[in-house]
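In what follows, a structure is listed as structure tokens, so that the remarks can point back to it.
Just so you know, all these numbers are worked out from the coordinates, no wet-lab data involved. Bear in mind that the values here come from a model prediction, so they are computed numbers and not experimental data. Because the Cβ atoms are built from the backbone with ideal geometry, glycine has one as well, and the counts that use them run over all protein chains shown.
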């Protein structure tokens, strides 16, 4: 569902399809900024089509002191994630390969001292009650942010959904046409076609999971 590309590959394609012919008024830094803008926009609507496709899980970790762990700070206070966007859920390890999900903290259940729960404030995870925060290894499921490219790392590969390189390329090409006082319409139409194809691919990959709600109460009694 995802494929690898590089900033240089996208820039080369953009210059080719816009018949650049040595036009040098747009710097590489500006082209990279346009690529980042297109990637951010793609991630915004892509997650609506299939949020699971934009979800990752952290490696196993533990809270050794207190009850918090930052997702973006470096060790030992955090996990040092560079692509953190938003949380989806937290699991704890009961025994070997036996992960159980923890429910989010609820204000109405705040007086239930024995209830193991998690809460996110920004990028910081809180495990409640504090007395149990260090008892179980943890992992966090999260939505990852769009990659961001740099003119100083044009050969560095990054991953995008299938067809996204075409979406980004046509979007940047349209911006370049506008900068050159030329019509962007052809590229805008091709970008819309690419968007429709990506959305269809993401939606089909979701399958029946997109319509099934987890209504089970199969929770580990150790946690409740």
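The ranking of 183, 134 from fewest to most other beta carbons within 10 Å of each one's beta carbon is 183, 134. For the stretch 77-165, the calculated P(r) over all alpha carbon pairs, in 5 Å bins from 0 to the bin holding the longest distance, is 3, 11, 19, 18, 16, 10, 9, 7, 6, 3, 1 percent. Per residue, the average separation of C-alpha pairs within less than 8 Å and at least 6 apart gives the chain a relative contact order of 31 percent. Overall, the ratio between the Cα radius of gyration of the stretch 1-47 and 2.2 N^0.38 Å, rounded to two decimals, is 1.30.
Ordering 56, 175 by the number of other Cβ atoms within 10 Å of each residue's own Cβ, fewest first, gives 56, 175.
Could you state the angle between the C-alpha long axis of helix 28-49 and the longest principal axis of the C-alpha atoms of the chain, as a value from 0 to 90 degrees rounded to the nearest 10? The two axes meet at around 50 degrees.
Helix 7-17 and the long axis of the chain differ in direction by around 30°, with both axes built from C-alpha atoms. Taking the Cα atoms only, what angle lies between the long axis of helix 164-179 and the longest principal axis of the chain, rounded to 10 degrees? Once rounded, one gets 50 degrees.
Mind sorting 169, 3, 195 by how few other Cβ atoms lie within 10 Å of their own Cβ, fewest first?
Details: 169 26, 3 12, 195 21.
Ordered by Cβ neighbours within 10 Å, fewest first: 3, 195, 169.
For the listed peptides 75-83, 40-48, a ranking on the average number of other beta carbons within 10 Å per residue, highest first, reads 40-48, 75-83. Relative contact order, whole percent, for the stretch 61-136 stands at 34, derived from Cα pairs under 8 Å and 6 or more residues apart. Computing Rg/Rh (Cα atoms, Kirkwood Rh) for the structure here picks out one of (1) 1.09; (2) 0.93; (3) 0.97, namely (1).
In terms of overall dimensions, the stretch 139-196 has a Cα radius of gyration and Dmax of 14.5, 51 angstrom.
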